[in-house]
Amino acid sequence: MKIIDGKKISNLIKEEIKKEVDSILARGGKAPHLAAVIVGEDGASLTYVGSKVRSCKQVGFNSTLIKLPENISENLLIDEIYKLNNDKLIDGFIVQLPLPNHIDEQKILMAIDPNKDVDGFHPTNFGKMALNMKTFIPATPFGIMELLKRYNIETSGKNTVVIGRSHIVGRPISILMNSKGIAGDSTVTVVHSRTKNLEHYTKNADIIVSALGIPEFVKENMVKDGVVIIDVGITRVKDNSKEKGYVIKGDVDFDSVGKKASYITPVPGGVGPMTIAMLLKNTLLSKTYNK
Ligand code: GUN
């Protein structure tokens, strides 16, 4: 079993981005500027956004964090988005999800200028992705594609099973791995909470991408020997023996499934760090797309 080291690859990508930034600055240009909007005080979201902003510093980007109260109205949030759309200093921005229940997520995503939508969640960008056109690819699936490429994992003609059909991971990765090209050309099946006999699909999978959010859902008896495992799950599980009061668990029972797998991403240190690296990559690309 080989570990797919997302931490190492994400650091390499960040070094590549830093070099690009240095060369932009040497040519008298401006460093890319990423803004992140967060609504409310959800602990996990604050942690993710905090590390997105910290990573900007690492690669020489400028960053802005906009923290808004949990009870902000939909209209005021949209006003903030319009300000970012019109701010010439901002190359790209994200609105951290999930949003509070009183806010219509679709309305918010539609308000973002597609040219600054470095999350790739706007329907224009999602549509372009599905049509294999140049666009912002959502960071987590973009990161998975990059891991498959950099580890030379054969995907062409393979049976890939994606567990979960979220707009952020399951749906886009199923489209990308099924598209023509490197890390693509796979025969993709998407399984989800209503799938009957889910094990039937996972047992026949050459590659499993799990983006479900149920800790250790994928067990040894659900996979075949030699399977490639991409574990996107990051769930906080209560553990009072730990200082933080929780441990982070993936969707896959790493110890038992790892024994059968040819490649596996650990949690933490697999897909997670790639998400941030690819968000930075999209922000850098935004500068070239929007020239
Ligand atoms: N919540 C979980 N993942 C993401 C992400 O990639 N982008 C945003 N904006 N919110 C998220």
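Considering the range 122-166, and only residues there that are part of a loop (DSSP other than H, G, I, E, B), without any contact (Cβ under 8 Å) to a residue 60 or more places away in the chain and in contact with a Phe, Trp or Tyr (Cβ under 9 Å, 6 or more places away or on another chain), the residue that is farthest from Y48 (Cα to Cα) turns out to be T135. Checked against the criteria, D91 counts as more than 14 Å from the ligand (Cβ to nearest atom) and surrounded by 17 or more Cβ atoms within 10 Å (Cβ to Cβ). Of all residues in the range 121-139, those that are surrounded by fewer than 20 Cβ atoms within 10 Å (Cβ to Cβ) and either on the phi > 0 side of the Ramachandran plot or out of contact with any Asp or Glu (no Cβ under 9 Å at 6 or more places or on another chain) (or both) total 8.
From S63, S45, which residue is in a strand (DSSP E or B), under 30 Å from N11 (Cα atoms) and among the hydroxyl-bearing types (S, T, Y)?
Answer to the selection: S63.
Inspect all residues belonging to the range 101-120 and state whether any of them is closer than 29 Å to V237 by Cβ, free of Cβ contacts under 8 Å to residues at least 60 places away in the same chain, of a type outside the set (D, E, K, R) and loosely packed, with under 12 Cβ neighbours inside 10 Å. Within the range 101-120 (the criterion being closer than 29 Å to V237 by Cβ, free of Cβ contacts under 8 Å to residues at least 60 places away in the same chain, of a type outside the set (D, E, K, R) and loosely packed, with under 12 Cβ neighbours inside 10 Å), the answer is yes, since at least one residue qualifies. Selection of the range 165-193 for residues being at positive phi and either surrounded by fewer than 15 Cβ atoms within 10 Å (Cβ to Cβ) or within 16 Å of the ligand (Cβ to nearest atom) (or both) yields only G181.
Counting only residues that are within 24 Å of the chain's Cα centre (by Cα) and among the polar types (S, T, N, Q), the range 196-235 holds 3 of them. Just a yes or no: is a residue in the range 41-57 crowded, with 16+ Cβ neighbours inside 10 Å, over 19 Å from the mean Cα position of the chain (by Cα) and either within 14 Å of the ligand (Cβ to nearest atom) or modelled with pLDDT under 95 (or both)? The answer is no; no qualifying residue exists.
The values are calculated or read from the model by the stated rules, or taken from the named source; none is laboratory data. In this text the structure is predicted, and so the values were computed from the model without any measurement. Every residue, glycine as well, gets a Cβ built from its backbone with ideal geometry; the counts of neighbours run over all protein chains shown.
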